[in-house]
Amino acid sequence: MPSYESLLSALALAVIATPALLVAVFFVAFLLNRRLGETFISRLIQGTITVSLLAAIVAAVTMVVAGTSQHTVELGDWVITTTYHLKFEFVLDLLSISYVLLTLVLCATIGAFSTRYLHRERGYNRFFVLFAVFLLGMVTAALSDTVETLFAGWEMVGLSSVLLIAFFQERPSPPRNGLRVWIVYRVCDAALMLAAILMHEINGAGDFDHLVGSQAWPDHDPLLIGPHFTLLALLFVIAAAGKSALVPFSGWLPRAMEGPTPSSAVFYGALSVHLGVFLLLRVSPVLDSAPWLGVLVVSLGAVTAVFAYLAGRVQADIKSALAFASLTQVGIIIAEIGLGFRYLALVHLLGHACLRTLQFLRAPSLLHDHHQLENAIGARPREEGVMWEQRLPPGVQRWLFRFSIERGFLDSLLERFVARPFVWFFRRLDAFDRAVSRWIDGEPGLPPGRRDLP
Amino acid sequence: LSIFLLPLWIHLTAALPLAAALLALCLRSPVVAARWSNAVLAASLGSTVAIFAAHSAAPPGTVGEGGAGVLAVDDIASPMMPVVVLIHLLTMLGTAKARISTQFCARLLLSAGGMLVALTAVPGALLVGALAIGALLPWWDLRSRGRRTRGYCLHMGLFLALLLAAWQDRDGGARPAALLMLAVLLRGGVVPLHGWLPPLFQNAAFGSALVFVLPLAEVLAALRMLLPVMTGGAAEAGRLACLLTALYGGGMAIVQDDSRRFFAHISLSQTALVLYAALQQTSNGLTAALCLWISAPLSLAGLAFSLRALEARFGSLSLREHHGFYEQVPGLAICFIITGLGSVGFPGTIGFVPMELLVSGSIERSLWTPAALAVVAMMNAIAIMRAYFALFTGRSPATSISLRATLPERAGIVIISMLVFLGGWFSPSVVESRHRTANRLLGAPVPPAEAAPHGNPAAESRPSRPEQPRL
C-alpha cells in the first residue's frame, strides 16, 4: 500500500510526465523522420491531457479530503558545485493545483477544438508539436517550486508562443510580429534569469520555500525586508510585465493575434498572458518587502487596465478587441495583487481565463452569430452603453482617439528610443569593422571610417 | 580498452587522421577522398569515445604521462577529444559533394589530427607547435581560393610571435603571462583583435573556417599555458575584454545581413563567453568554462551544419528577406532552432546548466557582470531567432527537384540534435566531472558531496596555487 505522500508525489509526477512524454514522442518522430498522421496526433493529444488532468484532479481531491495544504515533490539535486545548487522540485498547493487544473482543462478544450479547426491545414503537425511544448512549459511552470524549474517552463511557453505567432509563415507579417514578441520575451527572461541568480545569492538555492518560508501559499515568513528583496521583487515585476504585456510592454499583445485562433485563445486570452500574474502570485510575499513596491504594482496594473480599455475601444477586429479586453482584466488582477488581495486575484484569474477562452473560440463565427441574431429579431441589435467620451471636449476626444488607435504610442516610442539607436549604432560599427578589415587586407578603396558608412 | 594499452592507443588515435590526410592528398577522386575522410573520422570518433570511457574508468590523474610517449590524456583532454572529432565529422558530413576537393579533405583531417595532438600534448613545445600548424590550415585554404590573406597573416603571425615569445620567456614572471594573454585573446578574436574572424568566414571555405574556430583552441591554450602563470591584473583586463566582446558579438549578430557574418559574430560572442569563464579563476567560473567548452562548440557546429546545408542548396544566404526554406527542409529548420537555442543556454538543452553556472558564478565579481551576461544571452537569442525567421519563413521558393536532406545530412541532423537536446538531461554527471577538473586546476579540491548546497554562499577565495604548469 503506497503511503499518502508517495501517492501525491506519484500523481504530481504523472501530471508532468505525460506532457513530457508527448514532447518526447514528437522528438523521436523527428529523429526517425516520420510524419505522424492527424488521427494519431489527435488521439495522442487527447489521451495525454486526459491522463494528466485525471492525475491533477485526483491529487486535488486527495489533498482536500486529507486537509493537506501543501506537498513538495523533490526530484533530487540536479547539479551541485561549491557555490551553485540546481534542483528540480515541484509543489502541490492551492495556487499550483488551481493553475495546473486551469491549464489542463483549457488545453483539453483547445486541443479538441484545434483537431477540427486545423484539419488538413499544412502546419497541422507543427501546431501540435508547439502545442505540446507549450503544455509542458505551462505545467512545469505551474507546479514549480524552484525558480529554475519555473524558468524552464517559462522559456518553453515563450518559445512555443513565438513560433505559433509565426505559424502562417508564408505571409511576411507573422514572422515579423513573432520576432517582436520574442524580443520582449527575451528582455523579461533576462530579468527572470537575474532574479534566479539573486535568489541563489540570497538563499544559496533557488527554492521558493527558502525565499518565502515553508508555509503554504499565500502565507509566508514575514521577515522579507531589505534592499536585496526589493531588487528581487523589481526583477520579478519586470519579468511579469513582459510576459503579461503590462505597460510599457503592451505593444506585443495585438501583434500576437497573427497566430491561429486556438493558439490566440489559449496563449493570449487565457494562459500565457496570465503567467506573469502567476509569477507575482507565487512570489507575492517578496512584494511586501517595501511599501512603495505595492504602490508600484497597483499603479502598473491600473495604468495597464486604463490603457487597454482605451485601446480596446477603437479596435476594428474582434481578436485585437478581445486581446485588449483581456489585458484590461490582467491589469486589474495585477492591481489586486498589489493591494494584497491574493485570493481574489487567483479567483479573478481563473474566471477570466475561462471566459476569455470561450470568447476567443467563438470569435471566428462572430459574424455568423450576429446574422443569426439579426434574423431572429428582425432588426439590427441596438447599441447600448454609456458613451462617456462624447461628454469630453472635441480636442480631448481627438487626442484620446489618436492615443488609442496608436496603442498609446508604445511601439513607436520603443522603436524610436530603443530599437533604432541600437540598430544604428551596431550598423555603424559593422561598417567600420568591414572597412578596417578591407584596409588591413589591402583592398583598394577609402581608408577606414570613410567607406561603407550609410 | 585496457589501461595498459591506452598510451599506445592515444598515439595511434592522434596519428590516424594525420596519416589519412597524407593519403587523401594522393587520391584523385574527391568523392573517394570524402568517403575516406568520413570513414577515418568515424573511426577516430569511436576511438576517442573509447579513450574517454577508459579514462573515466581509470583512477584520477593523467593516463600515459611519464612513459616514452609525448601524448597523454588527462581530464581536460578526455571529453574534448570526441567533441573535436565530432565537429570535424559533422563538417565533413555537411559538405556538399560539389564543393569537396581532396585538398579540403586533407586539411580537415590535418586539422582533426593537429587538434588531437594539441589536446594531448605533454611537452609544451608540442602544444605550441600544434597550435602554430593549426593556424596555417586556413591560410592554405585562403591561398588555394585566391583570396587575400594579409589580414589573416598579420593576426596569426602576431599570435604565433606572442606565443613563441611567451614560450621563450616562460620563467620570466608577469611578462610571459601578459604575452600569453594577448596571444589567447588574439586567437579567440577578442575585440579589438577580431579583425581576422569575420573575413575568414566570408572568404575561406565555411568548413575550413569552422574547424579552425569551433574547437576553441584558445581555451585550451588558456587552460594549459595561461592559467598556471596568470596574474590578477592580466586576468581582470582579459575578463573585461571578453565581456565586451561577448556584448559586441551579440549586438553585431543581430544587425548582420549575411548568414556567414551572422555566424561569425555569434561564434565570436560565444567564444568570448567561454574565455571569460576560463579567466574567472574561481571554481564555478572554471567549471562553467569547461562545460561551455563542450556545449558551445557542439551547438555552434549544429547551427553551422544547418547553414551549410542551406548554402549547398540555395547559394549564399541573405538575412534581409524571408526565404521560406521550412517547407523544403523542415529537418534543417528544427536542427537550426534546437542548436541555436542550445548555444544560448535554453532550458533542456546542453547549454542550459553551463550558462546558469556562468551567470551565477559571475555575481561574485559585481552585480553588473551577471546583468551583462544576461544581456549577451538575450542578444544572441534574438539574433538566432531573427536568422531563423529570415531563413525558414516566407514564401517557399519553387523548385523542380527535391531538396530534402540527404542521408549524410540526415545522420548529422540526428547526431547533433540528440546531443544538444538530450545532452541537457545528462548534464549533471558532466558538470560533476568538470567541477572536479576545475578544482584540480585551481589546486582547491572540494568534492561536490562536501559542498553545503543550502548554505549562504560565501565569496570564493582566490585559489592558492594552480597545478604544475605545463608550459
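The values are calculated or read from the model by the stated rules, or taken from the named source; none is laboratory data. Computed from a predicted model, the values in this text were never measured in an experiment. With ideal geometry, Cβ positions are generated from the backbone for all residues, glycine too; neighbour counts draw on all protein chains shown. We work out accessible area using only protein heavy atoms, side chains counted, and drop any ligands, DNA or RNA first. Shrake-Rupley method; radii C 1.70, N 1.55, O 1.52, S 1.80 Å.
Computed quantities for the displayed model
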quantity: Helices (runs of 4 or more DSSP H) wholly inside segment A:68-179 containing at least 3 residues that are farther than 20 Å from B:Gly345 by Cβ; calculated: A:94-117, A:124-143
quantity: Segment B:124-160: number of residues that are more than 20 Å from the chain's Cα centre (by Cα), within 18 Å of B:Ala217 (Cα to Cα) and in contact (Cβ under 8 Å) with a residue 60 or more places away in the chain; calculated: 1
quantity: In segment B:143-159, residue nearest to B:Gly129 (Cα to Cα) [restricted to those that are open to solvent by 40 Å² or more (accessible area, probe 1.4 Å) and in a helix (DSSP H, G or I)]; calculated: B:Leu158
quantity: Residue among B:Gly69, B:Gly129, B:Gly113 that alone is surrounded by fewer than 22 Cβ atoms within 10 Å (Cβ to Cβ) and either among the hydroxyl-bearing types (Ser, Thr, Tyr) or within 19 Å of B:Leu216 (Cβ to Cβ) (or both); calculated: B:Gly129
quantity: Segment B:321-331 - residue that is within 17 Å of B:Arg386 (Cβ to Cβ) and open to solvent by less than 30 Å² (accessible area, probe 1.4 Å) and, of those, nearest to the other protein chains (Cβ to nearest Cβ); calculated: B:Gly324
quantity: Helices (runs of 4 or more DSSP H) completely within segment A:236-296 that count 2 or more residues being closer than 15 Å to A:Ser326 by Cα and modelled with pLDDT of 85 or more; calculated: A:252-255, A:272-282
quantity: Residue that is nearest to B:Leu303 (Cα to Cα) [pool: residues in segment B:379-393 that are open to solvent by 10 Å² or more (accessible area, probe 1.4 Å) and of a type outside the set (D, E, K, R)]; calculated: B:Tyr388
quantity: Filter result for B:Ala209 (under 21 Å from B:Pro297 (Cβ atoms), open to solvent by 10 Å² or more (accessible area, probe 1.4 Å) and under 18 Å from the mean Cα position of the chain (by Cα)); calculated: no
quantity: Lone unmet requirement of (1) surrounded by fewer than 16 Cβ atoms within 10 Å (Cβ to Cβ); (2) closer than 27 Å to B:Thr349 by Cβ; (3) β-branched (Val, Ile, Thr) for A:Thr18; calculated: (1)
quantity: Selection status of A:Gln315, modelled with pLDDT of 95 or more and open to solvent by 10 Å² or more (accessible area, probe 1.4 Å); calculated: no
quantity: Scope segment A:113-129; condition buried (at least 17 other Cβ atoms within 10 Å of the Cβ) and of a type in the set (D, E, K, R); matching residues; calculated: A:Arg126
quantity: The one condition in (1) farther than 30 Å from B:Ala57 by Cβ; (2) polar (S, T, N, Q); (3) at the interface with another protein chain (Cβ under 8 Å from one of its Cβ atoms) that B:Thr406 fails to fulfil; calculated: (3)
quantity: Residue tally, condition open to solvent by 10 Å² or more (accessible area, probe 1.4 Å) and within 8 Å of chain A (Cβ to nearest Cβ), over segment B:365-378; calculated: 3
quantity: Restricting segment B:24-42 to residues that are more than 21 Å from B:Glu409 (Cβ to Cβ) and touching a helix residue (DSSP H, G or I) at 6+ places or on another chain (Cβ under 7 Å), the residue that is most open to solvent (accessible area, probe 1.4 Å); calculated: B:Leu25
quantity: Test result for B:Met81, in contact (Cβ under 8 Å) with a residue 60 or more places away in the chain, buried (at least 22 other Cβ atoms within 10 Å of the Cβ) and over 26 Å from B:His155 (Cα atoms); calculated: yes
quantity: Within segment A:190-210, considering residues that are at the interface with chain B (Cβ under 7 Å from one of its Cβ atoms) and part of a helix (DSSP H, G or I), the one farthest from A:Glu89 (Cα to Cα); calculated: A:Ala190
quantity: Residue list for segment A:38-50, filter: charged (D, E, K, R) and surrounded by 14 or more Cβ atoms within 10 Å (Cβ to Cβ); calculated: A:Glu38
quantity: Set A:Leu53, A:Leu101, A:Leu135: member being buried (at least 23 other Cβ atoms within 10 Å of the Cβ) and away from chain B (no Cβ under 14 Å); calculated: A:Leu135
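Okay, residues lined up against (1) surrounded by fewer than 24 Cβ atoms within 10 Å (Cβ to Cβ); (2) assigned to a helix (DSSP H, G or I); (3) touching a helix residue (DSSP H, G or I) at 6+ places or on another chain (Cβ under 7 Å); (4) more than 14 Å from chain A (Cβ to nearest Cβ):
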position	(1), (2), (3), (4)
B:Glu236	yes, yes, no, yes
B:Met252	no, yes, yes, no
B:Arg260	yes, yes, yes, no
B:Ser269	no, yes, yes, no
B:Ala272	no, yes, yes, yes
B:Leu275	no, yes, yes, yes
B:Thr287	no, yes, yes, no
